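**Q** Here it is, the structure in full.
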Amino acid sequence: MSEWRGVPPRVERIVRELAKFGTVGAFGFLVNVAVFNLCIHTFHLATVRSGVIATVVAIGTNYAGNRYWTYRDTDKSRVQREVSLFLLFSGIGLVIENGVLAISHYGLDYTTPLADNIAKNVIGLGIGTVFRFWSYRTWVFHSAAAEGEGEAEGGGEQKPAEAGESPASAAGSGAGAGGGTGTGGGSGTGAGSTAGAVGLPAQEKSKDRRVLLK
């Protein structure tokens, strides 16, 4: 991967994640726009109602894409919790997206199809997408993001066993060397003491004999 040479692993991972999230979001955007305009011009539904329906359909599309592609390596044993959080934050994004549409259409009286599409699918969807990306990677698919960062940060560290002799082995070697020296020193000292103890009585006996001869 020469194109990523010199780039920190965490930055590389976030860029890849953002690219996948953006691809899924782009497909969801097309679904959102298509369903929104279909509801308005074909089924003649109210503007905000059409926006809510379009957002709900896009949420389902985005979940499938993010779950099975962007964050496919996450732990699948907590799907119920994951789906609950996904729906919660997607619902908040839905309110943001269609809230902008409601303000534009009913509050500011911009009622043309172009104005509705800009309010919902440009401004509202843009703000909602930023919120969704932050909330999904922070809460919904948190385990994948955290594990990826941990692996990226810990990948360059070298284990003690691989780097060389472990501290315990070094300590054991030092203790062994010290023990051998101490043994040798002790043996030498003990031998000298024994020789000295044996030599003293002999000297005393020779002195006594000299006294008696005199």
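**Q** Only one of (1) over 22 Å from D109 (Cα atoms); (2) in a helix (DSSP H, G or I); (3) open to solvent by 80 Å² or more (accessible area, probe 1.4 Å) is not met by R72, so which one is it?
**A** (2)
**Q** Taking segment 85-96 as the search range and keeping residues that are open to solvent by less than 30 Å² (accessible area, probe 1.4 Å) and over 27 Å from H44 (Cα atoms), which one is nearest to the chain's Cα centre (by Cα)?
**A** This residue is F86.
**Q** Being hydrophobic (A, V, I, L, M, F, W, C) and over 21 Å from G25 (Cα atoms) is the requirement here; does A102 meet it? Spell out the reasoning first.
**A** On the way: hydrophobic (A, V, I, L, M, F, W, C): yes; over 21 Å from G25 (Cα atoms): yes.
Yes, satisfied.
**Q** Now for a different question. Just for segment 97-141: of the residues that are over 28 Å from the mean Cα position of the chain (by Cα) and among the charged types (D, E, K, R), which one is surrounded by the fewest Cβ atoms within 10 Å (Cβ to Cβ)?
**A** Result: D109.
**Q** Using beta carbons and a limit of 9 Å, which pairs, at least six apart or on different chains, have the first residue in segment 46-64 and over 13 Å from G93 (Cβ atoms) and open to solvent by 40 Å² or more (accessible area, probe 1.4 Å) and the second one at pLDDT 95 or above and not in a helix (DSSP H, G or I)?
**A** Listed pairs, sorted by first residue: I53/L45.
**Q** Something else about it: Test E82 against the criterion of being in contact with a Ser or Thr (Cβ under 8 Å, 6 or more places away or on another chain), of a type outside the set (S, T, N, Q) and either in a loop (DSSP other than H, G, I, E, B) or surrounded by 13 or more Cβ atoms within 10 Å (Cβ to Cβ) (or both), and give yes or no.
**A** Yes; evaluated as a whole, the condition is true for this residue.
**Q** Also, I was wondering about something else. Under 9 Å by Cβ, and 6 or more places apart or on different chains, what pairs join a residue from segment 98-118 that is under 23 Å from V57 (Cα atoms) with one that is in a helix (DSSP H, G or I) and acidic (D, E)?
**A** L101/D116; S104/D116; H105/D116
**Q** Let me ask something else. With respect to the numbered conditions (1) touching a residue at least 60 places away in the same chain (Cβ under 8 Å); (2) open to solvent by 30 Å² or more (accessible area, probe 1.4 Å), which one is the sole condition not fulfilled by F36?
**A** (2)
**Q** Further question: Out of the residues in segment 25-45 that are among the small types (G, A, S) and within 31 Å of the chain's Cα centre (by Cα), state the one that is farthest from S90 (Cα to Cα). Spell out the reasoning first.
**A** Of segment 25-45, the ones among the small types (G, A, S) are 25-26, 28, 34.
If we keep only those that are within 31 Å of the chain's Cα centre (by Cα) too, we end up with 25-26, 28.
Numbers: G25: 13, A26: 16, G28: 13 Å.
Across segment 25-45, the extreme among qualifying residues is A26.
**Q** Restricting to segment 12-58, name every residue that is in a helix (DSSP H, G or I), polar (S, T, N, Q) and farther than 14 Å from N117 by Cα.
**A** Initial filter on segment 12-58 (in a helix (DSSP H, G or I)): 12-41, 47-58.
Filter again for polar (S, T, N, Q), leaving 23, 32, 37, 47, 50, 55.
Listed by number, the list holds a single entry, T23.
The values are calculated or read from the model by the stated rules, or taken from the named source; none is laboratory data. In this text, all values refer to a predicted model and were calculated from it rather than measured experimentally. Every residue, glycine as well, gets a Cβ built from its backbone with ideal geometry; the counts of neighbours run over all protein chains shown. With ligands, DNA and RNA removed, areas are computed over all heavy atoms of the protein, side chains included. Shrake-Rupley method; radii C 1.70, N 1.55, O 1.52, S 1.80 Å.
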